[in-house]
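The values are calculated or read from the model by the stated rules, or taken from the named source; none is laboratory data. Fair warning: this is a prediction, and the values are worked out from it, not measured in the lab. FYI the Cβ positions are ideal-geometry reconstructions off the backbone, even for glycines, and counts take in every protein chain you see. Areas reflect the complete protein model, heavy atoms only, side chains present, ligands, DNA and RNA absent. Shrake-Rupley method; radii C 1.70, N 1.55, O 1.52, S 1.80 Å.
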Amino acid sequence: MHRSSRSMNKIPFYGYLTWPNFTDWLVTICLCVLFVLAGVSMGSVRPNTHLLLLPGFALLLSLHGAWYLTVKSSERLSLIPFLFLPFLLWAAFSSGRISPMAWRGWQDWIYYMEAFILLWVLCNNGQTVSHLWFICISALIPVGYGTLLGFYQLFQNPNKIADAFVGVPIEMSGEYVGRSIGVFVDPHSFALLLLFLFPCIFFVGLSRRLSVLLRILCLYIAAILLVITVLTEVFWVLIGLVIMLLTVACFLYKNLSKRIRAGLSWATAFLLFAGLLIVFNEVIREQALLAWSTDGEGVRRLLWPEALNLAMENIVFGGGGGAFRLLLEQSPRIGMSHEVQTPLNDILHLFVEYGLLGLLFIVVPILLLLIASNRSLSRQPYQKYSGRTRKRLVMPTQRFFISLSLIGALAFFVGSFLHGVLLLPALLFHGTLFLGVLIKTSFKRTLILPHHWFVRSIYGIFALFAGLTFWDFASPVLRAREIEMVASQRLEEIVERKLHLSGNLETLNEVLAEYANGCLLDPENADLWLGRSQASAQRIFTNPSLFREIGEESLVFAKRAVEISPSYNRAWSQLGLAYALSGNTDAAEEALLKGLALAPNSSNAHYYWSSFAGAFEDKMEAAKKSAKRAVEINPQNGPALRVNRKLNIL
């Protein structure tokens with residue numbers, strides 16, 4: 001029988017030999033590369049690794065626009081991603097107008113914008129099941145690579161992690177030695193990734209969709225992921241895995257009693273396995289005992305109530321994008337011995353920074369999507385006959401993908417509640433992938449643009465312009481943040497090794513040049529001006545005769561930091577030190593007390609004030625009291641310990 005030319009132009013898995021399908025595959029490949037790069041480059045948590053992704057997002061939007069140019073008929077677009085547009089606009093307004101740390105808020109906004117771009121492209125490209133499989137399999141590459149690294153890290157006790165495109169080796173934290181951290185810099189992030197993917201692979205292995213051989217392979221992979229999850233020695237994730245095992249049973253079986261029996265049996269077997277490892281492995285047992293303390297995973301018992309208190313202080317509008325670290329540091333109720341970036345709970349994080357308004361802007365669309373998707377799922381049959389003989393019972397394609405994406409989305413939200421993913425771009429992108437597949441399989445695309453060459457050209461040009469504009473905006477923000485991180489680390493090394501006392505100013509001058517470059521890239525980053533003031537002040541030890549000139553220069557930089565963020569306690573403390581260096585003790589006292597008043601439970605604020613006040617006899621008692629408090633808050637604060645010992649001797 002004669003075959004049509006259209007069927008002859010169809011290649012297995014690839015599809016038809018047409019320009020729309022070709023450009024759609026280019027978009028799909030670009031998506032896959034972004035997922036893989038984000039996953040293997042330490043989760044893209046450092047700005048310099050994240051900078052690798054920015055050209056990819058510009059290219060992704062450009063290819064999306066090129067795809068729309070090639071379609072031969074009116075192509076429908078999905079409007080569902082626009083549900084998240086109010087949150088993006090509110091986050092931008094909060095970062096620019098409300099936040100005392102706008103430079104941090106814009107960095108977070110860049111991550112949210114990238115997630116929105118991924119969601120838009122995922123919902124409108126990837127037209128076939130082959131595209132979906134290709135994307136989903138690519139998203140597994142980082143966890144496969146991370147699992148291999150995880151076993152090595154556990155048994156070989158490494159002292160370094162993979163370079164991961166950073167450019168310089170990264171030293172592993174001592175507390176993580178002997179624990180599986182995969183492609184990340186800490187085991188908690190790796191545990192999150194495993195929590196997202198294990199239930200999905202477990203579901204694929206148990207659902208009657210693929211061949212028996214592939215299902216066995218998926219169950220084997222799921223078992224490996226389960227083992228490596230326990231070997232991360234992260235114990236909050238055990239709660240998440242139990243929840244997801246119970247959830248998977250609800251998607252596999254129609255009968256309620258069978259769901260309960262399967263879910264409870266899986267959860268019991270897993271807890272028994274984890275319990276045996278904890279009992280018979282001394283290292284894991286010690287880590288489990290530490291986990292409940294506030295020095296371990298039990299820190300949530302401090303952070304969650306305090307985050308709620310902070311949220312209630314600005315319940316409607318929040319404290320501003322990127323401001324959680326500052327708000328916690330300035331809390332009058334608790335003092336942390338280390339810098340905390342997140343409350344380890346995304347709901348509380350969003351509530352603190354963006355208020356009830358921002359929380360509703362993100363939670364309501366997600367709830368609407370989950371409810372509508374569940375309704376769509378309920379209309380799908382659990383099984384149908386497939387194959388040429390029509391004798392093989394399988395799960396229908398649409399039910400399979402809706403169930404898979406719902407399981408992934410629920411795992412993502414469980415992880416968001418138990419630990420938080422907002423500051424982990426690679427994990428945020430995985431959550432976006434689950435939502436994108438959910439939208440594709442549950443909703444129809446409804447937006448129809450006029451199929452005219454002019455309209456298609458405008459859409460393509462707009463996509464290209466949007467991609468390049470986003471790249472142009474995000475690049476200096478992330479570059480400046482990376483410079484600030486690297487320069488501050490180098491400055492700490494200079495002080496610890498006392499290089500500024502040796503008379504060799506080459507390294508210090510390099511740090512000053514880095515800070516100056518960062519200030520040019522992002523002049524509204526107060527941390528850069530603060531670090532520049534601190535670095536400039538170190539020159540006094542080699543040129544004491546120029547103390548007034550050096551003090552004035554340091555003062556200019558500190559004043560700029562205060563001007564950018566008038567409620568930033570670190571800026572006021574540095575301003576006080578700069579005033580003291582230039583000889584203005586009255587202004588120094590006022591600025592240091594201002595910094596202490598803003599952050600009464602900050603170890604460094606007490607240290608700065610005590611080191612200054614200890615030089616005056618009439619302020620000696622206040623200096624001793626403040627130095628003692630600095631050590632109480634952070635017993636590991638070396639400079640505060642030295643000042644405390646010195647004042648007690650006096």
Please provide three numbers in whole Å: the alpha-carbon extents of the stretch 68-108 along the principal axes, with the largest listed first.
50, 18, 13
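Want the number for residue 469 to residue 85: 0.36 nm per residue separation, take away the alpha-carbon distance, what's left? If you can, show how the numbers build up before the last one.
Working: separation 384, 0.36 × 384 = 138.24 nm, distance 1.76 nm.
Here the answer is 136.5 nm.
If one computes P(r) from the Cα atoms of the stretch 492-650, what percent of pairs lie at distances over 30 Å? Please report the intermediate quantities before stating the final value.
Details: 1489 of 12561 pairs.
Cα-Cα pairs of the stretch 492-650 separated by over 30 Å account for 12 percent.
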In nm, the gap between the two label points placed 7 Å beyond Cα toward Cβ at residue 444 and residue 210 is 3.2 nm
For residue 103, what accessible surface area do you get with a 1.4 Å probe? Give it in Å², rounded to 10.
10 Å²
In whole Å, what are the Cα extents of the stretch 8-157 along the three principal axes, biggest one first?
59, 50, 23
Compute and list, largest first, the equivalent-ellipsoid semi-axes of the stretch 234-323 from the alpha carbon gyration tensor, each √(5λ) rounded to a whole angstrom.
33, 24, 8
³J(HN,Hα) across the stretch 194-200 via Karplus (A = 6.51, B = -1.76, C = 1.60, θ = phi - 60°), whole Hz, x for Gly/Pro?
5, 5, 5, 8, 4, x, 5
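Give me the dipole magnitude in Debye, nearest 20, for the stretch 300-428 about the Cα centre, with unit charges on the beta carbon: positive for Lys and Arg, negative for Asp and Glu.
Values: 12 positive and 6 negative charges, 297 e Å.
Rounded to the nearest 20 debye, it is 1420 debye.
Which loop-located trypsin sites (Lys or Arg not before Pro) does the stretch 309-381 contain, where loop means any DSSP state but H, G, I, E or B and the Cβ has at most 16 other Cβ atoms within 10 Å?
On the way: sites: 325, 333, 375, 379; in loops: 333, 379.
The qualifying sites are 333, 379.
Normalised by the number of residues in the chain, what is the relative contact order in percent for Cα pairs under 8 Å and 6+ residues apart? Mind dumping the intermediate values first?
Working: 1005 pairs, mean separation 106.9, N = 650.
RCO, the chain: 16 percent.
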Mind checking which of 580, 147, 477 is farthest towards the positive end of the chain's charge dipole, using Cβ charges of +1 (Lys, Arg) and -1 (Asp, Glu) about the Cα centre?
147
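At 0.36 nm per residue, and after removing the present C-alpha to C-alpha distance, how many nm does the segment from residue 239 to residue 507 gain when stretched out fully?
Working: separation 268, 0.36 × 268 = 96.48 nm, distance 4.80 nm.
Taking 0.36 nm per residue and subtracting the Cα distance, the gain is 91.7 nm.
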Which aspartates and glutamates, if any, have their Cα less than 15 Å from the Cα of residue 624, not counting same-chain residues under 8 positions apart?
632
Point-to-point label distance, residue 398-residue 133, nm (Cα→Cβ direction, 7 Å offset):
2.0 nm
Give me a comma-separated list of calculated 3J(HN,Hα) values for the stretch 410-415, in order, Karplus coefficients 6.51, -1.76, 1.60 applied at θ = phi - 60°, integers in Hz, x for any Gly or Pro.
5, 4, 4, 6, 4, x
Mind running the shape call on the stretch 560-650? Use the C-alpha gyration tensor, a ≥ b ≥ c as the square roots of the eigenvalues: rounded below 1.5 for a/c, prolate if a/b tops b/c, oblate otherwise.
oblate
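I'd like the FRET efficiency for residue 379 and residue 520, computed as 1/(1 + (r/R0)^6) with the beta carbon distance as r and R0 of 60 Å, rounded to 0.05. Could the numbers behind the result be given before it?
On the way: r = 58 Å, r/R0 = 0.96.
Once the sixth-power term is evaluated, E becomes 0.55.
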Might you tell me the accessible area per residue for the stretch 528-643, computed with a 1.4 Å probe and given in Å²?
45 Å²
Excluding residues on the same chain fewer than 8 positions from residue 646, give the aspartates and glutamates whose Cα lies under 15 Å from its Cα.
617, 621
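Mind checking the alpha-carbon convex hull of the chain and giving the volume per residue in Å³? Present the calculation step by step, with values, prior to reporting the outcome.
On the way: hull volume 113.8 nm³, N = 650.
Measuring per residue, one finds 175 Å³ for the Cα hull of the chain.
Only sites in a loop by DSSP and with at most 12 other Cβ atoms within 10 Å count here; which trypsin sites (Lys or Arg not before Pro) in the stretch 189-260 make the cut? Don't jump to the answer; show the numbers that get you there.
Working: sites: 208, 209, 215, 254, 258, 259; in loops: 208, 209, 254.
Those that pass, being in a loop and sparsely packed, are 254.
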Would you mind checking 258/444; 258/384; 594/619; 10/384; 498/594 for any pair whose Cα atoms are more than 24 angstrom apart?
258/444; 10/384; 498/594
FRET efficiency estimate (nearest 0.05) - Cβ-Cβ, residue 283 to residue 556, R0 51 angstrom
0.45
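Please find the FRET efficiency linking residue 495 to residue 546, where r is the Cβ-Cβ separation and R0 is fixed at 25 Å, and quote it to the nearest 0.05.
Values: r = 19 Å, r/R0 = 0.78.
Once the sixth-power term is evaluated, E becomes 0.80.
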Considering only DSSP states other than H, G, I, E and B, which trypsin sites (Lys or Arg not before Pro) in the stretch 397-453 qualify as loop sites with at most 12 other Cβ atoms within 10 Å?
444
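How far, in nm, would the chain grow between residue 315 and residue 642 when pulled straight, counting 0.36 nm per residue and subtracting the alpha carbon separation? Intermediate results must be reported in sequence, preceding the final value.
On the way: separation 327, 0.36 × 327 = 117.72 nm, distance 4.10 nm.
Gain on extension, residue 315 to residue 642, equals 113.6 nm.
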Long-range amide H partners of residue 16, meaning residues 5 or more apart or on another chain whose placed amide H is closer than 5 Å, are 11
Place a +1 charge on the Cβ of each Lys and Arg in the chain and a -1 charge on the Cβ of each Asp and Glu, then give the dipole magnitude about the Cα centre in debye, rounded to the nearest 20.
3980 debye
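Evaluate the relative contact order of the stretch 243-367 (contact order divided by residue number), counting alpha-carbon pairs under 8 angstrom at least 6 apart; express in whole percent. Don't jump to the answer; show the numbers that get you there.
Details: 119 pairs, mean separation 24.4, N = 125.
Result for the stretch 243-367 is 20 percent.
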Distance in nm between pseudo-label sites at residue 227 and residue 97 (7 Å out along the Cβ direction from Cα):
5.6 nm
Of the options 413, 516, 453, report the single residue whose Cα projects farthest towards the positive end of the charge dipole of the stretch 387-516 (beta-carbon charges: Lys, Arg +1; Asp, Glu -1).
453
Work out from phi, with θ = phi - 60° and the Karplus expression 6.51 cos²θ - 1.76 cosθ + 1.60, the ³J(HN,Hα) of each residue of the stretch 82-90, listed in order in whole Hz, and give x for Gly and Pro.
5, 4, 8, 5, x, 5, 4, 5, 5
